[in-house]
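Encoded as structure tokens, the structure appears first; notes follow it.
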Amino acid sequence: MSQYVNKLEVGNFISMRGPKGKFKYRPNMCRTMGMIAGGTGVTPMFQVARAILENPSDRTKISLIFANVTADDILLKDELEALQKSAPDRLSIYYVLNEPPEGWTGGVGFVTRDMIKAHLPAPAADVMVVRSGPSAMNKAMAATLEEMGYASDSLFKF
């Protein structure tokens, strides 16, 4: 999606829909929040992460897996890294690329069960996982998270 929008010229029109789902975050509503984002799906994650980390009374920890095609496609990278720098003990980010540059040390390909196991909190009563991204990714992640034992009431799709 972001590559398509990037190629548009001033004056072009596109149809949009959304946002989907109703999510109301409350401080400390979970101990840890896992996030899986693909491309432009990072925007609601960034909003929630910023609300959590800018609230001094909120102790929620955040683990984000952020998937893109190329390194140039990573939206809000500077802003995300600034948030991480401000709260390194509360925000971890794992980047995944389909087409990584030479020397890339992050994830490669699509988000997998092993990546989720390594970079998101394990299923628990005080853990929530939110996701946002392309339809195929959301569908695959929903099935994978359920198979891994995350309770359906602890999962949310933007």
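Worth pointing out:
- Per residue, segment 8-158 exposes 58 Å² of accessible surface when a 1.4 Å probe is rolled over the protein heavy atoms with every protein chain present.
- Tilt relative to the chain, helix 135-147 - C-alpha long axis, 0 to 90 degrees, to 10: 20
- Apportionment of accessible area to carbon and sulfur, the chain, percent (1.4 Å): 52
- Take the Cβ atoms of Ala122 and Asn12, set R0 to 41 Å, and the FRET efficiency comes out at 0.35.
- Farthest toward the positive end of the dipole of the chain, out of Pro27, Leu76, Ser92, is the Cα of Pro27, where the dipole comes from beta carbon charges about the Cα centre.
- The 3J(HN,Hα) values that the Karplus relation (6.51, -1.76, 1.60; θ = phi - 60°) gives for segment 100-113 are, in residue order, x, x, 4, x, 4, 10, x, x, 10, x, 9, 5, 10, 4 Hz. Gly and Pro appear as x.
- Against the rule of thumb 2.2 N^0.38 Å, how large the Cα Rg of segment 12-93 comes out: 1.16
- For the chain, the longest principal axis of the C-alpha atoms and the axis of helix 77-86 are separated by about 20°.
- Alpha-carbon centroids, segment 30-101 and segment 109-134: separation in whole Å: 13
- Local electrostatic count, Asp89, Cβ distance below 14 Å [Lys/Arg +1, Asp/Glu -1]: +4
- Max mean-square fluctuation residue, GNM over the chain, Cα-Cα springs under 10 Å, options Phe23, Phe66, Phe46: Phe23
- Spherically averaged projected area of segment 1-146 from its Cα convex hull (nm²): 9.8
- Amide H contacts under 5 Å for Leu64: Met35, Ser92, Ile93, Tyr94, restricted to partners 5 or more places along the chain or on a different chain, H placed in the peptide plane at 1.01 Å from N.
- Furthest towards positive pole of dipole, Ser57, Met148, Val111, structure part the chain, Cβ charges: Ser57
- Scaling against 2.2 N^0.38 Å puts the C-alpha radius of gyration of segment 81-141 at 1.27.
- Using the Cβ-Cβ distance between Asp153 and Trp104 with R0 = 30 Å, the FRET efficiency computed as 1/(1 + (r/R0)^6) comes to roughly 0.25.
- Segment Leu75-Asp58, length gained on full extension (0.36 nm per residue, minus Cα span): 3.6 nm
- Rounded to the nearest 20 debye, dipole of segment 1-153 from Cβ charges on Lys, Arg, Asp, Glu: 600
The values are calculated or read from the model by the stated rules, or taken from the named source; none is laboratory data. Everything numeric here is computed off the predicted structure, so don't read it as measured data. For neighbour counting, all protein chains shown are included, and Cβ atoms are generated from backbone atoms with ideal geometry for every residue, glycine included. The area values use the complete protein model at the heavy-atom level, side chains included, leaving out ligands, DNA and RNA. Shrake-Rupley method; radii C 1.70, N 1.55, O 1.52, S 1.80 Å.
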